[in-house]
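The values are calculated or read from the model by the stated rules, or taken from the named source; none is laboratory data. Remember, predicted model here, so these are calculated numbers, not experimental data. Cβ placement follows ideal geometry from the backbone for every residue including glycine, while neighbour counts extend to all protein chains displayed.
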Ligand code: SAH
């Protein structure tokens, strides 16, 4: 009889090879031992964004640390769709929500972008990265989205790769529906802050050959709703939602 799928799944930033023990971090050790009450010999799935997913065994587990030994690869590495989300930082829990949902919705990169009307002063990258990792572990991704250094919108645009379409979610109704514009190929979605885009930002974006304003219907959505809705539309029309769920 085959073993049931392990209930534990963790991201580790180290290579995964059969027989090569991996040390769990302090937080992971606490999670395995105190939170999940895992036992020595229990199976855990590990992934690192490079080597696919591996079934591992807990070889040692104590307060001070845990060792996990990879036994067999359960899934080979596969890339996420080539989709970036550029989002103005919001209030803390809304930013956390965007990080979590963007991960579940398969972005390859998350980039906090400061716009004129962004209220949030600074971004706690460590906290954000922790949310990305937790969401990736939970949703069975094989990678954690890349998290880019927060930057002002004009700087981001100055270095923009011209072959990547930038679909900016324009609440002013200046663009066609997102669903009419989505095509295959490298893409990025840009969501504004609670205060929306400033007119000069719309003008700046209008001058860029790679940027297109797009709409999400007649209602003004909260920034986090707009991000989630836009990611879903893109995944359904150009991403990997055409693929059947894994068995
Ligand atoms: N305060 C602004 C609304 C900002 S909504 C106002 O009253 O006009 C926050 C962000 O969500 C916007 O900048 C935009 O990127 C996105 N958004 C919200 N509703 C949208 C819609 N109907 N179409 C496209 N983008 C939208």
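When the range 212-236 is examined, which residues are found to be away from the ligand (no atom under 16 Å from the Cβ) and surrounded by fewer than 17 Cβ atoms within 10 Å (Cβ to Cβ)?
Across the range 212-236, the qualifying residue is only 236.
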For this session: Filter the range 139-156 down to the residues that are within 21 Å of the chain's Cα centre (by Cα) and over 30 Å from residue 14 (Cβ atoms), then identify the one that is nearest to the ligand (Cβ to nearest atom).
Result: 153
Seminar exercise, completed: Selection from the range 169-180 of residues outside any loop (DSSP other than H, G, I, E, B) and near the ligand (Cβ under 7 Å from one of its atoms) yields 169
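If I go through the range 133-145 residue by residue, how many of them are touching a strand residue (DSSP E or B) at 6+ places or on another chain (Cβ under 8 Å) and within 15 Å of residue 28 (Cα to Cα)?
Within the range 133-145, residues that are touching a strand residue (DSSP E or B) at 6+ places or on another chain (Cβ under 8 Å) and within 15 Å of residue 28 (Cα to Cα) number 4.
Kindly indicate the residue of the range 181-202 that is in a helix (DSSP H, G or I) and touching a residue at least 24 places away in the same chain (Cβ under 8 Å) and also farthest from residue 113 (Cα to Cα) among those meeting that condition. Please lay out each step first, then the result.
Taking the range 181-202 first, the residues in a helix (DSSP H, G or I) are 181, 199-202.
Applying the additional criterion that residues be touching a residue at least 24 places away in the same chain (Cβ under 8 Å) yields 181, 200-202.
On the way: 181: 23, 200: 16, 201: 13, 202: 15 Å.
Checking each candidate, the answer is 181.
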Exercise. Based on what the data block shows, is residue 121 part of a loop (DSSP other than H, G, I, E, B), without any contact (Cβ under 8 Å) to a residue 40 or more places away in the chain and away from the ligand (no atom under 16 Å from the Cβ)?
Worked result: yes
Exercise. When you go through 80, 71 one by one, which is the residue that is in a strand (DSSP E or B) and either more than 14 Å from the ligand (Cβ to nearest atom) or more than 26 Å from residue 203 (Cα to Cα) (or both)?
Worked result: 71
For this session: Might you let me know whether the range 17-26 holds any residue that is under 21 Å from the mean Cα position of the chain (by Cα) and modelled with pLDDT of 95 or more?
Result: no
Exercise. In the range 17-68, what residues are assigned to a loop (DSSP other than H, G, I, E, B) and within 19 Å of residue 138 (Cα to Cα)?
Worked result: 24, 25, 36, 37, 38, 42, 48, 49, 50, 51, 52
Problem set entry | Hits in the range 221-247 - residues which are out of contact with any helix residue (DSSP H, G or I) (no Cβ under 8 Å at 6 or more places or on another chain) and assigned to a helix (DSSP H, G or I) | 225, 226, 229, 232, 235, 236
